[in-house]
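Notes follow once the structure below has been shown.
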């Protein structure tokens with residue numbers, strides 16, 4: 001069962017300034033997570049990450065459409081209606097920067113019968129020509145660490161470079177986790 005609040009929009013949760021300074025938008029995250037229908041529930045974060053201009057925001061908009069239609073078998077509805085949700089479109093210019101959360105939270109019952117809050121997370125694409133490797137790695141790794149489900153989006157065939165990048169980002173995330181654990 002899926003229960004959705006009406007509306008929603010992408011909300012910037014994290015941005016990188018000057019290629020190195022991370023700006024975290026704690027107030028927006030609190031607004032989403034501390035809403036009456038969300039707080040005190042387990043949270044499931046579904047995130048999509050990968051190279052820029054490969055369809056991450058488009059895929060998340062489809063997931064959003066599915067969740068809004070309660071997972072019905074006819075969830076796609078009228079195919080003449082435009083796909084709305086995370087900003088996406090054709091071209092070479094990046095659409096997403098930093099990390100975005102969809103402000104609309106979906107309540108679902110998991111396989112154990114427990115009601116959980118489902119959030120959709122969009123991430124800035126890697127290797128966009130405007131970002132440093134450190135910025136791409138930080139965003140990818142943070143999304144990996146904070147997600148319940150991370151989708152590594154590759155538009156065509158998975159190649160050796162895709163796997164090497166995924167391994168690098170995962171290792172960076174593991175090292176960050178160790179540093180945080182030691183600091184705590």
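Where a number appears in this text, it was derived from the coordinates with a stated rule and is not lab data. Every value quoted in this text rests on a predicted model; they were computed, and no experiment measured them. Positions of Cβ are backbone-derived with ideal geometry, glycine not excepted, and every protein chain shown enters the neighbour counts.
Brief remarks follow.
- Each of 146, 132, 123, 138 has some number of other Cβ atoms within 10 Å of its Cβ, and from fewest to most they run 132, 146, 138, 123.
- Sorted by Cβ neighbour density within 10 Å, fewest at the top, the residues 62, 140: 62, 140
- Going from the residue with the fewest nearby Cβ atoms within 10 Å to the one with the most, 46, 22, 139 rank 22, 46, 139.
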